[in-house]
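The values are calculated or read from the model by the stated rules, or taken from the named source; none is laboratory data. Owing to the predicted nature of the structure, the values given are computational and were not obtained by experimental measurement. Counting neighbours? That spans all protein chains shown, and the Cβs are built from the backbone with ideal geometry, glycine included. The accessibility values were calculated without ligands, DNA or RNA, using every heavy atom of the protein model including side chains. Shrake-Rupley method; radii C 1.70, N 1.55, O 1.52, S 1.80 Å.
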Amino acid sequence: MRFDTPVYFQRIEQGPYNEETGNYEQDSIIEDMRYANVTSAGTEALKLVYGELRQGCKVVRLQTHYKPAFDSIRIGGKTYQVDSSRKLRNKHVFIVSEVQ
């Protein structure tokens, strides 16, 4: 099992408040890169998590636990939301689905 795919954990940080205009500035996305093993989700895992088959679901495996809070995961040019997370003794497994 190779952990050679760069995966970016994204956290959205709200922009600062501008007192002159009364609006908030644009939000910023902070990314933390880790290398992971990324594969397509099998039919049994999809049935277990969703109760049906879905397109665009992946399994992301990290060699260590990921502790910081995050909002989404980016793999390549696509953004994914976490549908299921499981911490094993040393590894961390996420089942993710593509955000449209």
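For segment 59-77, taking the residues that are of a type in the set (D, E, K, R) and within 10 Å of the chain's Cα centre (by Cα), the one that is nearest to G42 (Cα to Cα) is identified as R74.
For segment 41-57, the criterion of being in a loop (DSSP other than H, G, I, E, B), aliphatic (A, V, I, L, M) and either surrounded by 12 or more Cβ atoms within 10 Å (Cβ to Cβ) or modelled with pLDDT of 95 or more (or both) is met by at least one residue. Cβ-Cβ distances below 8 Å connect the following pairs, each with a first residue in segment 20-35 that is more than 29 Å from R61 (Cβ to Cβ) and free of Cβ contacts under 8 Å to residues at least 40 places away in the same chain, a second residue that is open to solvent by less than 90 Å² (accessible area, probe 1.4 Å) and in a strand (DSSP E or B), and a separation of six or more residues or different chains: Y24/N18; E25/N18; D27/E13. Figure legend. Inter-residue proximity from segment 1-16: first residues touching a residue at least 40 places away in the same chain (Cβ under 8 Å) and under 10 Å from M33 (Cα atoms), second residues open to solvent by 90 Å² or more (accessible area, probe 1.4 Å) and among the aliphatic types (A, V, I, L, M), beta-carbon distance below 7 Å, spacing 6+ or different chains. Indicated pairs: Q10/I29.
Listed by position, the strands (runs of 3 or more DSSP E) contained in segment 59-100 that have at least 3 residues being more than 14 Å from E31 (Cα to Cα), without any contact (Cβ under 8 Å) to a residue 24 or more places away in the chain and open to solvent by 60 Å² or more (accessible area, probe 1.4 Å) are 78-87. Does E31 count as open to solvent by 40 Å² or more (accessible area, probe 1.4 Å) and at pLDDT below 90? Against the criterion (open to solvent by 40 Å² or more (accessible area, probe 1.4 Å) and at pLDDT below 90), E31 does not qualify.
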